[in-house]
Amino acid sequence: MMVLWRHYGSQRAGKDMKWKTLKIIQVTDTEVIAQIGRLRAEVWKEFLTPAAMVNGTWTDSYDAVARHWAAFAGGEVVAAARLTMHDALEDCPDWQDLMHFDLKIGLPFAYMGRLAVRKDARTPGLAERFDSLRVAEARQQGAKAVVVAPLHYRISTLLRGGFEYAGVSPLPPEERYYLPSASFETHIMVHRLGHSPVCPSTGSGSNEAARTAGT
């Protein structure tokens with residue numbers, strides 16, 4: 001599936017990105033996924049520990065089974081995101097964060113992660129388009145819920161997209177893959193797509209009201 005996204009960008013390395021049409025495509029090619037790993041490392045390099053990146057790329061074992069989307073400009077990957085399907089919280093990326101919440105989600109569930117947009121390709125609406133494509137895919141795959149762990153500036157957009165706010169992860173950055181100097185919080189949000197037997201959680205949970213911090 002290909003979606004065209006019109007945007008107005010800036011200049012990068014002397015290349016004019018103005019009014020390029022970004023092609024958002026679900027991809028499976030291993031070389032494209034390798035490019036996505038390099039894009040992630042470039043976008044997140046200020047926050048990641050050296051252990052998270054190998055040879056200038058940020059990938060993990062979930063990439064082999066995830067569904068990936070990428071946006072292209074001039075033949076280059078300039079934005080990407082992924083979706084993974086799970087039958088247990090312990091099988092999910094960032095499960096250490098999720099186990100602190102009583103999410104009460106059905107099984108299977110989907111997890112949205114690894115959104116990365118190159119600086120010159122950032123524009124209002126692009127991240128939301130990646131969100132809607134992933135939620136649609138989760139529905140098609142029979143997911144009962146979609147979970148995401150966004151930073152604060154994405155909260156209000158995700159609320160408008162049907163997500164509920166669960167709370168802030170209590171884990172410090174250094175217990176994941178972020179540098180201790182990364183002064184941001186990881187928030188947990190859920191989009192409920194249907195009803196099913198509840199996924200067990202060992203956490204006491206945080207059910208504070210949805211908020212729009214940082215927006």
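The values are calculated or read from the model by the stated rules, or taken from the named source; none is laboratory data. Keep in mind that what you see is a predicted model, and the values were worked out from it rather than measured. Ideal geometry is used to build each Cβ from the backbone, glycine not excepted, and the neighbour counts take in all protein chains shown.
Some values worked out for this structure:
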| quantity | calculated |
| --- | --- |
| Counted residues, segment 134-166 - those being of a type outside the set (D, E, K, R), surrounded by fewer than 19 Cβ atoms within 10 Å (Cβ to Cβ) and out of contact with any Gly (no Cβ under 6 Å at 6 or more places or on another chain) | 10 |
| Number of the condition not met by Ala64 [criteria: (1) buried (at least 18 other Cβ atoms within 10 Å of the Cβ); (2) over 21 Å from Lys119 (Cβ atoms); (3) not charged (D, E, K, R)] | (1) |
| Total residues in segment 117-131, condition farther than 22 Å from Val190 by Cβ and buried (at least 17 other Cβ atoms within 10 Å of the Cβ) | 5 |
| Matching option when the condition is modelled with pLDDT under 80 and under 19 Å from Leu115 (Cβ atoms), among Trp69, Trp58, Trp5, Trp19 | Trp5 |
| Qualifying residues in segment 67-97 (those that are out of contact with any strand residue (DSSP E or B) (no Cβ under 8 Å at 6 or more places or on another chain) and closer than 20 Å to Leu158 by Cβ) - the one surrounded by the most Cβ atoms within 10 Å (Cβ to Cβ) | Leu89 |
| Odd one out for Met53, checked against (1) modelled with pLDDT of 95 or more; (2) crowded, with 16+ Cβ neighbours inside 10 Å; (3) not hydroxyl-bearing (Ser, Thr, Tyr) | (1) |
| Ser169 crowded, with 21+ Cβ neighbours inside 10 Å and at pLDDT below 95 | yes |
| Test for Tyr178: is it in contact with a Leu (Cβ under 8 Å, 6 or more places away or on another chain) and either closer than 19 Å to Phe101 by Cβ or at pLDDT below 95 (or both) | yes |
| Filter result for Ala79 (over 29 Å from Ala145 (Cβ atoms), modelled with pLDDT of 95 or more and among the hydrophobic types (A, V, I, L, M, F, W, C)) | no |
| Yes/no for His100 being crowded, with 19+ Cβ neighbours inside 10 Å, closer than 26 Å to Pro170 by Cα and in contact with a Cys (Cβ under 9 Å, 6 or more places away or on another chain) | no |
